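Novice: Pasting in a structure now, in structure tokens, and then I'll have a few things to ask.
The values are calculated or read from the model by the stated rules, or taken from the named source; none is laboratory data. Just so we're clear, the structure is a prediction, and the values are computed from it rather than from any experiment. Note that each Cβ is placed from the backbone with ideal geometry, even for glycine, and that neighbours are counted across all protein chains shown. Just so you know, the surface numbers come from the protein's heavy atoms only, side chains and all, with ligands and any DNA or RNA stripped out. Shrake-Rupley method; radii C 1.70, N 1.55, O 1.52, S 1.80 Å.
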Amino acid sequence: MSKKLWALLVILLAFMLVLGACKGSENSSEGNTETTPKETEKEKEEKPEEKTEEPAETSEFPLIVDNEGEAIKGGTLKVALGTDSPFQGIFSWVLYEDGYDADIMAYSSNAIFATDGDFLVNDKGIATLEVDQANNKAIVKIREGVKWSDGEPLKIEDLILPYLIIGHPDYQGIRYDGDFQNIVGAVEYHDGKADTISGLKKIDETTLEISFQKLSPAIFSVGDGLWSYAEPNHILKDIPIGQLLESDAVRKNPVTLGAFKIDKIVPGESVQFVRNEHYWKGPAKLDGVLLKAVPSTSIAAAIQSGEYDMTAGSLPATKYPEVKDFDNITILAQPELSYSYLGFKLGKFDTVNGISVMDPNAKMGDVKLRQAMGYALDVEQVNEVYYDNLRSRANSLIPPVFKSFYDSSLKGYYYDKDKAIEILDGAGYKDTDGDGFRETPKGEKLEIKMAGMAGDAIAEEMAAFWMQNWADVGLKVVLSTGRLIEFQTFYDKVEVDDPEIDIYMAAWGTGTNPSPAGLYGKNAAFNFSRFTTPELDALLTAIDSPDAFDPAFRANAFREWQEYMEENAQVIPTQFRTAIYTINDRVKHYDVNYDTEFDLNEVELTADAPAKSTK
Amino acid sequence: MSVNVGNVKDINENIISSPPTGIQVIAREFKKDKLAMFSLIGLVTVILGIYVAAFFLDQETLMKVSLRDKFAEPGDKFFLGADQGGRSILAQLILGARNSITIALSVTIITGIFGIAVGLITGYFGGLIDNIFMRIIDFFITIPVLMIIIVFVVIIPKYNVVTFIFIMSAFLWVSTARLVRSKSLTESRRDYVNASKTMGTGDAKIIFTEIMPNISSILIVDMTLSFAGNVGLETGLSYLGFGLPQSVPSLGTLVSYANNPLILQEKWWVWLPASLLILLLMLAINYVGQAIRRSADARQRLG
Amino acid sequence: MWKTILRRVLVMIPQLFVLSLLIFILASFMPGDPFTGLITPESDPNRLEELREAAGFYDPWYVQYYNWIVNAAQGDFGKSYTYKIAVADLIGDRALNTFWLSLLSVVLLYLIAIPLGVLAGRYQDTFLDKTIVLYSFISYAIPTFVLSLIFLFLFGYQFHWFPTTGTVDIKYDQGSWGYIWSKIYHMLLPAITYAILGTTGVIQYLRSEIIDSKSMDYVRTARSKGIPIRKVYSKHIFRNSLLPIAAFLGFTITGLLGGSIFIETIFGYPGMGQLFVQSITSRDYSVITALVLLLGFLTLLGSLLSDIIMSIVDPRIRID
Amino acid sequence: MTGELLTIKDLHTGFRIKDTYYDAVDGVSITLKKNEILAIVGESGCGKSTLATSIIGLHDHNKTKVQGEISYNGLNLALLDEDNFNKVRGEEIGMIFQDPLSALNPLMRIGEQIEEGLIYHTNLSKDAREKRVLELLSQVGIPKPKRVIRQFPHQLSGGMRQRVIIAIAISCKPKIIIADEPTTALDVTIQAQILDLLIDLQAETGAGIILITHDLGVVAEVADRVAVMYAGQIIEEAPVDELFSNPQHPYTRSLFNSIPQMNSEDDKLQVIQGLVPSLVKLPRTGCRFSSRIPWIPARAHEENPILHEISPGHLVRCTCWQHFHFEGERGGSFQ
């Protein structure tokens, strides 16, 4: 009778063999001697990792790809949107909330400003920005002859409209925030006391003047309440603000300014773009773009089988091992505007007064302990093993992309077990009861509760590894609720200063404005560590002060702040991240650099269908 | 090609001079069905083996992450390879199987005891008690169990194996209770029960010494099937991420590695052993259950 | 009969009411809320608080429940926090997807299971029967997600037999034949997987029903009439065994709806199951509550449907 | 004397239990004549129902083996395959079953169920068939046949259902009707009606009836000839009056003795203790009744008991009857 069970095993093994065979043998492709120059080039890139299993260095990944081959006329770019749930389909920059919608809208962008490598507005976009620092005013000028995708010319009203939407009492989104209230007259308009925002003034057909309560250097990063997208006034003006979200003008046929325009939508699953003949930089070379939502589990397989040319937005770093061997793509890497960090709870947020109050008796109150915990983490090994060095040990709270503000000379925290032990010994943390873990200098048991976020495919292993790292230097760290906490609950607990949390591992995306005031200021609700000192507040104020309009002053302010944060270690940056993009070989040229002028209207294809991987 | 019209019942009565007890029938059924016997022995051996082996394993050491051994292939260091955290698959398989079986078994026993008790009492007494419980059961039937369990898992703050067992049990006793109720309802109307009542035998005694043995084989079938179902539910929930905490080894967690296509295709040692173990466990349970069911139903007996 | 149906429907109302209360209380205990998900350094914590306030999250749960139930009674289940559209509209689309998927699955399931169950029952204890029983056990024992993943990668990505994302190809216009076919084509792989995994119950039930029927007295009567054996099977055994299966239909469909969580999540099929998991993660309370209620309602409806079908196909049973 | 309708010679019907066949009908020879009601009596499990199913070929071919000769109209029914048997079944031999409750398909209308046989055994048109069905229903005494053909079995009473079953059995005017305990499941009053119906039908059609029963009262009322079966064998066969007035085999006598006599002064019934041995344990040689009458010495039994004709038409198996006395009674000549 066990024969049947064997038969069953055979069936299952057969399944596996088929799966394995489909992957193809590596030998056959290596035997192919007719290599084009491009392929040899790629092999060079990939060989080291294949041979030694050594992960690639971030710098080895290109930011730009150029593929050989004659461009075909037109063609459709196939884009995969890696998401496990249908996209929401709110195609309006003032209303959307989900990042996937932004990834989709990128193909039909309404952005009016172009930015440089430091994410500061330059004069290469539809509009230019002039700042009148003395009068707290910004003057926005638009190019002439720019047209919407329906052929209507872009007007100043189209620039004013988004402000009127966000400020409107019926607006339910998150963008009516402190920054927005910085615009003169925004609050009055929101409260219904005014019909319009008094700080917005149409000077002439191409000029808009915006008055602010105060100005900081962030204005150049489109901060301080400045809005960087236009909305088609000729379409939206007749729709009540409260009904915009459900209107066809947002959901089905938005009118846009980008290289492509939306032609057809299957809600939640695919979008068909066609060339925008009115694009101000000239019509795109492609006929269009076809974008489909693909579950994250199968996105690698989809890329491999040549169903898509690229992904909308980046591919998660954990997907890298799945795609690294494919020979039909080039992997581009782009530093992300984010960092991971380890935070220590040092106080509570006084919700009545809206300020952080430090607890002098906090368990993690000893800076030496915090520093030691930073040195004890072997982040380097995790980056290498799990992230193929697509993440690197962070030395600062400013991601390196902000070239002018990031300071590579900062030492930061790095893996040094001996140093951690030395610090702990020196600070009086000793194992007095012989259980293998250190007690506090007062001789009390020390059990540190860590909150970790669930979700990432390797979150579990990482959390276990961190706790092992700390155990190696004699610190007992346990998980707050006995398990990792999923995203919503995590922030719910961290936000209310749950006593079950002593330390937490999280990440911040910085956005294009690196100003840290909103995350570490005394009044900032997001200052989750609740660490606050007058010195810190002074440093933060300096970064956004009028003096900081001087780039040298601001860079220096950033540097001093970074040093102060490193010293106090209330948050210890752990990782900088790199986003990866897979570009199919039939895409002639693609560029993910932040500071080049690459635009989607230039994209060309060299074949009728995306290349398939032989591996 | 033939229709079974022979007086099988007559013959059975002919062969067996005295009506056999439930256990005897079951034992005979197993003797006749080699596959069921094989399954039963295999099941008992595997479960015992897992528990004994798990007893000698130290979960803390085995679950220690060792990054450099990430997805180590089966070999000298790890007999069945290692998972993403460089932890032995074999050890996780044993601990995971123990956890999954313990959970399924606990849930089966809890829901079994509760369901049988409720079913017997409501079926036997009928009337108001029955009415009240039937309303409760009616309500439970409207509950989309899987969804509510997921909601509970999200809510419970200190969430571990024990709470997980209780959450599952809270919603899974209903079908057993319903089955037992309908059986005990018909059984309670039988002559032997009436005879006992007239002789003044206590209700509890009638319920547990007379009715229960008479529906025991149906109970056993129900229990085996719900055991199999619980194994499936536990692994399924773990797969969705609403099951056991990930740090607790579980068959579902191991199988869920297959969610990663790379692992599905190339690192079979991570997910396949657990999948096969589940498959074989379920097959064995089913064959055992089938044999018991046959013994409960004279028409389907083997000879 | 209509009176009974009406009575049964009326009994549903208090049941659904209790269910709604339960799920509402549970949901209010869930940590986090839809706005927690919007946390970025660029979002303003004060604005998040304002939005929470406006959404009524700081009201006591019974106030929230009262507001909700009053609206729900009028068919307004609120707005999805994530999708920003009316819950009824959101679920409507998804439920329709799930419904079609379930229907196709049921059709395929019966297409596979009925012949197998009939064969196994008719040729009881032969090699064929044993093979079918083994198959049915395996299909019961194999974890849903393992088979789904294998099928997806094999037939979707390696052989390209089936599309792997979405519910329809964008190139077809709504309502055209191509559009309908494209919809079915997109459902086929998950439906087949679903059908294969779900056959166990029907096969087992049908098999034992047929074995039972074979020894029924009326089959002997039929044979004594001297009619061909295949007629005895088709007119007496199969017909009588299949009727209860027909009555299962209601339960089967609601069962499939409940089980859609796995299949839809794996195949990325935008139905109710997937929506539920996603709403749990994004704390879209209004959607969670409405989904649980809808499924509870469908379960009741399914059992009512089963009873009605049963009373139609079996002359012995009359609802009155 | 009318001719012989059915002749059974040395019929063995064995059930397979673990690859061995055990004969439940063990060497039965009997004939059925035209216009005759032959009763076969015996306690349950003696093989009488098996005999009936063997004659009409309704045994399970996988688990049962039929050997011997059942000759009807020049055919040996024991050798027929399923297809050929179907030409005999229903058309030449009809069968009436014990339990009218379960013998009708609950999901089929009465009319359909009666009509079914007609479709295969006659060339009647649909209308003609319906006419015939109505005729049959009236023949078996069902009122309002037009309504009944549209009804389902559960809508009829037990007696009505049994009449329907009889209608099915006689639908094609068979020459032989086998009635397997046709009245057991019915009320006494209904029983009498059904028996009267059977007698009437036989008078009308001239069919031979094999009546299987354990009810001696029924036998006395309707049968022409009686065969008594014990453990798969016929142990006594005689015309009904002869058997009732002069039963000889110990088993037959104990059967009669087990009927309480109204006028008997003696409360105590003279019955033989013990059970029919199970099929597997049944001794295959010697007198099968010997174990239940241990006070009769072994030499009183034949080594291979055969049927002895002790008077014309009266056959008795074994010789032990000559020495038999009930326990406690005076012994026979062997003492």
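Novice: Taking helices (runs of 4 or more DSSP H) that fall entirely within segment A:444-527, which contain at least 2 residues that are more than 24 Å from A:THR351 (Cα to Cα)?
Specialist: Result: A:459-472.
Novice: Could you tell me whether segment D:88-104 includes any residue that is free of Cβ contacts under 8 Å to residues at least 40 places away in the same chain and under 22 Å from D:THR205 (Cα atoms)?
Specialist: Yes; the residues of segment D:88-104 include at least one that is free of Cβ contacts under 8 Å to residues at least 40 places away in the same chain and under 22 Å from D:THR205 (Cα atoms).
Novice: Identify, please: which residue in segment D:216-238 is in contact (Cβ under 8 Å) with a residue 40 or more places away in the chain and charged (D, E, K, R) and is, among those, least open to solvent (accessible area, probe 1.4 Å)?
Specialist: D:GLU236
Novice: Check every one of the helices (runs of 4 or more DSSP H) wholly within segment C:42-145 and list those with 3 or more residues that are β-branched (Val, Ile, Thr) and buried (at least 18 other Cβ atoms within 10 Å of the Cβ).
Specialist: Helices (runs of 4 or more DSSP H) meeting the threshold: C:87-122, C:127-141.
Novice: While we're looking at this one, here's another question. Need at least 2 residues that are facing another protein chain (nearest Cβ under 8 Å) per element, so show me which strands (runs of 3 or more DSSP E) inside segment D:7-118 make the cut, counting only ones lying wholly within it.
Specialist: In segment D:7-118, the matching strands (runs of 3 or more DSSP E) lie at D:93-96.
Novice: Check segment C:229-249 and report whether any residue there is outside any helix (DSSP H, G or I) and either of a type outside the set (D, E, K, R) or open to solvent by 30 Å² or more (accessible area, probe 1.4 Å) (or both).
Specialist: No, there is no match, as no residue in segment C:229-249 is outside any helix (DSSP H, G or I) and either of a type outside the set (D, E, K, R) or open to solvent by 30 Å² or more (accessible area, probe 1.4 Å) (or both).
Novice: Follow-up. Would you say A:SER356 is of a type in the set (S, T, N, Q) and either more than 18 Å from A:ALA579 (Cβ to Cβ) or open to solvent by 40 Å² or more (accessible area, probe 1.4 Å) (or both)?
Specialist: When the stated conditions are applied, A:SER356 passes them.
Novice: Also: Considering only segment D:149-172, how many residues are open to solvent by 10 Å² or more (accessible area, probe 1.4 Å) and either farther than 28 Å from D:GLY206 by Cβ or touching a Pro at 6+ places or on another chain (Cβ under 7 Å) (or both)?
Specialist: Of the residues in that region, 9 qualify.
Novice: Filter segment D:150-165 down to residues that are within 14 Å of chain C (Cβ to nearest Cβ) and not in a helix (DSSP H, G or I) and give me whichever is farthest from C:VAL313 (Cα to Cα).
Specialist: Filtering segment D:150-165 for residues that are within 14 Å of chain C (Cβ to nearest Cβ) and not in a helix (DSSP H, G or I), the one farthest from C:VAL313 (Cα to Cα) comes out as D:LEU156.
Novice: Within segment A:572-583, is there a residue that is open to solvent by 20 Å² or more (accessible area, probe 1.4 Å), outside any loop (DSSP other than H, G, I, E, B) and modelled with pLDDT of 90 or more?
Specialist: Taking every residue of segment A:572-583 in turn, at least one turns out to be open to solvent by 20 Å² or more (accessible area, probe 1.4 Å), outside any loop (DSSP other than H, G, I, E, B) and modelled with pLDDT of 90 or more.
Novice: Here's another thing I want to ask about it. All but one of (1) within 25 Å of the chain's Cα centre (by Cα); (2) at pLDDT 85 or above; (3) surrounded by fewer than 20 Cβ atoms within 10 Å (Cβ to Cβ) hold for C:TRP177; state the number of the condition that does not hold.
Specialist: Unmet condition: (1).
Novice: Sort through A:VAL379, A:VAL385 and tell me the only one that's within 14 Å of chain B (Cβ to nearest Cβ) and in contact with a strand residue (DSSP E or B) (Cβ under 7 Å, 6 or more places away or on another chain).
Specialist: One residue alone meets the criteria, A:VAL379.
Novice: Could you please tell me which pairs satisfy a Cβ distance under 9 Å, a separation of 6+ or placement on different chains, a first residue in segment C:227-247 that is within 22 Å of D:GLU92 (Cα to Cα) and touching a residue at least 12 places away in the same chain (Cβ under 8 Å), and a second residue that is in a helix (DSSP H, G or I) and open to solvent by less than 40 Å² (accessible area, probe 1.4 Å)?
Specialist: C:VAL232/C:VAL219; C:VAL232/C:ALA222; C:VAL232/C:ARG223
Novice: Could you list, in sequence order, all residues of segment D:171-197 that are within 25 Å of D:GLY47 (Cα to Cα) and either touching a strand residue (DSSP E or B) at 6+ places or on another chain (Cβ under 6 Å) or in contact (Cβ under 8 Å) with a residue 40 or more places away in the chain (or both)?
Specialist: Passing the criteria: D:PRO174, D:LYS175, D:ILE176, D:ILE177, D:ILE178, D:ALA179, D:ASP180, D:GLU181, D:PRO182, D:THR184, D:ALA185, D:LEU186.
Novice: Now a separate question. Checking A:GLU597 against (1) assigned by TED's automatic domain parsing to the domain that holds A:ASP378; (2) touching a Lys or Arg at 6+ places or on another chain (Cβ under 7 Å), which test does it fail?
Specialist: (1)
Novice: From the set of residues in segment A:234-283 that are closer than 23 Å to A:GLY82 by Cβ and of a type in the set (Lys, Arg), which is most open to solvent (accessible area, probe 1.4 Å)?
Specialist: A:LYS264
Novice: Name, by its number, the condition in (1) open to solvent by less than 60 Å² (accessible area, probe 1.4 Å); (2) more than 14 Å from chain B (Cβ to nearest Cβ); (3) part of a strand (DSSP E or B) that does not hold for A:LEU397.
Specialist: Condition not satisfied by A:LEU397: (3).
Novice: Pairs only if they're at least six apart or on different chains, beta carbon under 7 angstrom, first in segment A:451-478 and facing chain B (nearest Cβ under 9 Å), second of a type in the set (Ser, Thr, Tyr) and open to solvent by 30 Å² or more (accessible area, probe 1.4 Å); list them, first residue then second.
Specialist: Every condition considered, the pairs that remain are A:ALA457/A:THR318; A:ILE458/A:THR318; A:GLU460/B:SER247; A:ALA464/B:SER247.
Novice: Only one of these conditions is not met by D:GLU309: (1) at pLDDT below 75; (2) surrounded by 11 or more Cβ atoms within 10 Å (Cβ to Cβ). Which number is it?
Specialist: (1)
Novice: Answer yes or no: is there a residue in segment A:384-393 that is part of a helix (DSSP H, G or I), in contact with a helix residue (DSSP H, G or I) (Cβ under 7 Å, 6 or more places away or on another chain) and among the hydrophobic types (A, V, I, L, M, F, W, C).
Specialist: Yes; the residues of segment A:384-393 include at least one that is part of a helix (DSSP H, G or I), in contact with a helix residue (DSSP H, G or I) (Cβ under 7 Å, 6 or more places away or on another chain) and among the hydrophobic types (A, V, I, L, M, F, W, C).
Novice: OK, next. Pick from A:LEU290, A:LEU332: which is touching a Lys or Arg at 6+ places or on another chain (Cβ under 6 Å), in a strand (DSSP E or B) and not polar (S, T, N, Q)?
Specialist: Every option except A:LEU290 fails the conditions.
Novice: Just to be sure before I move on: is D:LYS131 farther than 26 Å from C:SER311 by Cβ, basic (Lys, Arg), open to solvent by 30 Å² or more (accessible area, probe 1.4 Å) and assigned to a loop (DSSP other than H, G, I, E, B) in the structure I sent?
Specialist: No; evaluated as a whole, the condition is false for this residue.
Novice: Answer yes if at least one residue in segment A:529-544 is on the phi < 0 side of the Ramachandran plot, of a type in the set (Phe, Trp, Tyr) and modelled with pLDDT under 90, and no otherwise.
Specialist: Taking every residue of segment A:529-544 in turn, none turns out to be on the phi < 0 side of the Ramachandran plot, of a type in the set (Phe, Trp, Tyr) and modelled with pLDDT under 90.
Novice: Sticking with this one: Consider B:SER250 against the criteria (1) closer than 23 Å to B:ALA91 by Cβ; (2) hydroxyl-bearing (Ser, Thr, Tyr); (3) free of Cβ contacts under 8 Å to residues at least 60 places away in the same chain; (4) more than 9 Å from every other protein chain (Cβ to nearest Cβ): it satisfies all of them except one. Which criterion is unmet?
Specialist: Exception for B:SER250: condition (3).
Novice: Residue check: is C:ARG207 farther than 28 Å from C:THR98 by Cβ, more than 14 Å from chain D (Cβ to nearest Cβ) and surrounded by 18 or more Cβ atoms within 10 Å (Cβ to Cβ)?
Specialist: Considered against the rule, which asks whether it is farther than 28 Å from C:THR98 by Cβ, more than 14 Å from chain D (Cβ to nearest Cβ) and surrounded by 18 or more Cβ atoms within 10 Å (Cβ to Cβ), C:ARG207 comes out as yes.
Novice: I'm trying to understand the selection: among the residues of segment C:231-269, which are of a type in the set (S, T, N, Q) and in contact with a Ser or Thr (Cβ under 6 Å, 6 or more places away or on another chain)?
Specialist: Listed by number, the residues that qualify are C:ASN240, C:SER241, C:THR254, C:SER260.
Novice: Still on this structure, I have one more. Kindly list, by first and then second residue, each pair from a residue in segment B:154-175 that is within 12 Å of chain C (Cβ to nearest Cβ) and open to solvent by 30 Å² or more (accessible area, probe 1.4 Å) to a residue that is charged (D, E, K, R) and outside any helix (DSSP H, G or I), limited to pairs with Cβ atoms under 9 Å and residues at least 6 apart or on different chains.
Specialist: B:PRO157/A:GLU500
Novice: At least 3 residues that are modelled with pLDDT of 85 or more in each: list the helices (runs of 4 or more DSSP H) lying fully within segment B:1-104 that qualify.
Specialist: Because the criterion is at least 3 residues that are modelled with pLDDT of 85 or more, the helices (runs of 4 or more DSSP H) in segment B:1-104 that meet it are B:34-56.
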